[in-house]
Amino acid sequence: MVPVALTEAKWSPFGWLPVADVDPRDGKETLTFEWADAHVNLIGHARAEVPETPTGLRCEMLFRHDTHTQALMPLNVPAVIVVAPAHVEFAAQAQADRASIRAFRIEPLESLVLHRGTWHWGPFPLEGPEVRLFNVQGLRYAEDNRCVDLASKELAVEIEVVTAPPASGASGGA
């Protein structure tokens, strides 16, 4: 799977892209924190946290938060995030579920918001050893951090690491 550029249309099943304050669409989407625990911090993900393949990285698990949305913005290097819609349950060897997985390339200072319950992995760095991220999520996220082990269900996906931005016609499918 080759990560595609982040666009509003391609991202919409998984969340939304923040817009400028002067954009008429600003405020149409809002963050949700059922536990009233919105929290802002800086986090990092290292490339060493995930298995590498000859052409990139291997996504073996996905996580989700059912009580809150999450906003992320890479600060220092391009990154990849892998996502799947919240309604997917990932039954063992369910290739239709695997087909719902998408990978996106996120450039530094490009922000995104995950819908509540969206499955996600990363972001992980495409360049360098670590991506630093501006992060807005529930303070108690660890209590709401469901995980699906894709590898044990034979649904893991390999993400090709492309150092140049993908062509606009590239597909994010498997």
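The values are calculated or read from the model by the stated rules, or taken from the named source; none is laboratory data. These figures come from a predicted structure and were not determined experimentally. With ideal geometry, Cβ positions are generated from the backbone for all residues, glycine too; neighbour counts draw on all protein chains shown.
Within the range 89-117, can you find the residues that are touching a Lys or Arg at 6+ places or on another chain (Cβ under 9 Å), at pLDDT 90 or above and either among the hydrophobic types (A, V, I, L, M, F, W, C) or over 19 Å from V40 (Cβ atoms) (or both)?
Matches in the range 89-117: R102, F104, L114, G117.
Within the range 1-34, restricting attention to residues that are without any contact (Cβ under 8 Å) to a residue 60 or more places away in the chain and among the hydrophobic types (A, V, I, L, M, F, W, C), which residue is nearest to R98 (Cα to Cα)?
Checking each candidate, the answer is A9.
A86 is checked against (1) in contact with a Ser or Thr (Cβ under 8 Å, 6 or more places away or on another chain); (2) over 13 Å from I159 (Cα atoms); (3) at pLDDT 95 or above; (4) of a type in the set (A, V, I, L, M, F, W, C) and fails just one. What number does that condition carry?
Going through the list (1) in contact with a Ser or Thr (Cβ under 8 Å, 6 or more places away or on another chain); (2) over 13 Å from I159 (Cα atoms); (3) at pLDDT 95 or above; (4) of a type in the set (A, V, I, L, M, F, W, C), A86 breaks only (3).
Among residues belonging to the range 147-172 that are assigned to a loop (DSSP other than H, G, I, E, B) and touching a Lys or Arg at 6+ places or on another chain (Cβ under 7 Å), point out the one that is modelled with the lowest pLDDT.
Among those residues, the one meeting the criterion is G172.
Restricting the range 1-25 to residues that are small (G, A, S) and closer than 12 Å to V83 by Cβ, which is nearest to the chain's Cα centre (by Cα)?
Per the stated criteria, the residue is G15.
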